[in-house]
1. Are there any pairs, at least 6 apart or on different chains, whose C-beta atoms fall under 6 Å, with the first in the range 88-99 and closer than 10 Å to Phe119 by Cα and the second among the aromatic types (Phe, Trp, Tyr), and if so, which?
2. Part of a strand (DSSP E or B), in contact (Cβ under 8 Å) with a residue 12 or more places away in the chain and either in contact with a Pro (Cβ under 6 Å, 6 or more places away or on another chain) or among the aliphatic types (A, V, I, L, M) (or both), is that true of Val114?
3. Quick check on the range 85-94: of everything there that is touching a Pro at 6+ places or on another chain (Cβ under 8 Å) and either modelled with pLDDT of 95 or more or not in a loop (DSSP other than H, G, I, E, B) (or both), which residue is nearest to Arg40 (Cα to Cα)?
4. Restricting to the range 90-110, give me the number of residues that are within 20 Å of Gly69 (Cβ to Cβ) and not aliphatic (A, V, I, L, M).
5. Among all residue pairs at least 6 apart or on different chains, which show Cβ distances below 6 Å where the first residue, located in the range 12-37, is outside any loop (DSSP other than H, G, I, E, B) and the second is of a type in the set (Asp, Glu)?
6. What number goes with the only condition from (1) assigned to a strand (DSSP E or B); (2) of a type outside the set (A, V, I, L, M); (3) under 11 Å from the mean Cα position of the chain (by Cα) that Trp57 does not pass?
7. Please tell me if Tyr82 is assigned to a strand (DSSP E or B), of a type in the set (Phe, Trp, Tyr) and either at pLDDT below 95 or touching a helix residue (DSSP H, G or I) at 6+ places or on another chain (Cβ under 8 Å) (or both).
8. What residue, of Ile104, Ile66, is surrounded by fewer than 19 Cβ atoms within 10 Å (Cβ to Cβ) and among the aliphatic types (A, V, I, L, M)?
Amino acid sequence: MESPCDVGERLLAAIGARDRAAIERCFAEDARFDVLTPHRLREHRGAAQVAERYAFWLDRLEQFEIVGGDVDQVADRVRVRYRFRGRDPEKGWQLNEHTAYAAIEEGRIASATVTCSGFRPTGAAS
């Protein structure tokens with residue numbers, strides 16, 4: 001049987017692969033996904049909307065890599081933390097970090113609250 005942290009690991013792998021369908025499969029059909037960005041709070045409902053949000057963040061990047069990440073249990077939540085770097089065709093190299101706290105039900109993320117650093121300009125990848 002899959003543990004709650006296994007679900008977080010699946011999500012982290014799907015993000016690293018920029019696999020929209022795999023990201024969507026990590027979330028319950030009616031999942032709640034709230035993201036606090038530097039500009040505003042974004043509220044999404046449903047696995048498809050979550051996958052669309054990730055596509056918005058990741059698809060435009062010409063080059064992309066996860067540069068750090070981990071998954072851990074925090075009482076009844078799973079923390080998924082990751083940092084990624086990508087090259088935006090208009091803005092150059094960008095670094096972003098997300099920390100999510102997720103409730104897992106029946107092997108999928110039922111709800112997640114995410115903080116986002118925003119895309120921060122950075123030097124070229126080494």
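The values are calculated or read from the model by the stated rules, or taken from the named source; none is laboratory data. No experiment lies behind these values; they were computed from the predicted model shown. Heads up, the Cβs are rebuilt from the backbone with ideal geometry, glycines too, and the neighbour counts pull from every protein chain shown.
1. Within 6 Å, the pairs are Gln94/Phe119; Asn96/Phe84; Asn96/Phe119.
2. Criteria met by Val114.
3. Let us first name the residues in the range 85-94 that are touching a Pro at 6+ places or on another chain (Cβ under 8 Å), namely 91-94.
Those left that are additionally either modelled with pLDDT of 95 or more or not in a loop (DSSP other than H, G, I, E, B) (or both): 92-94.
On the way: Gly92: 23, Trp93: 23, Gln94: 19 Å.
Applying the filter and picking the extreme gives Gln94.
4. The number of residues fulfilling the criteria is 8.
5. Asp34/Glu43
6. Only one criterion is unmet by Trp57, namely (1).
7. Working: assigned to a strand (DSSP E or B): yes; of a type in the set (Phe, Trp, Tyr): yes; either at pLDDT below 95 or touching a helix residue (DSSP H, G or I) at 6+ places or on another chain (Cβ under 8 Å) (or both): yes.
Here the answer is yes, as Tyr82 does meet what is asked.
8. After applying the criteria, what remains is Ile66.
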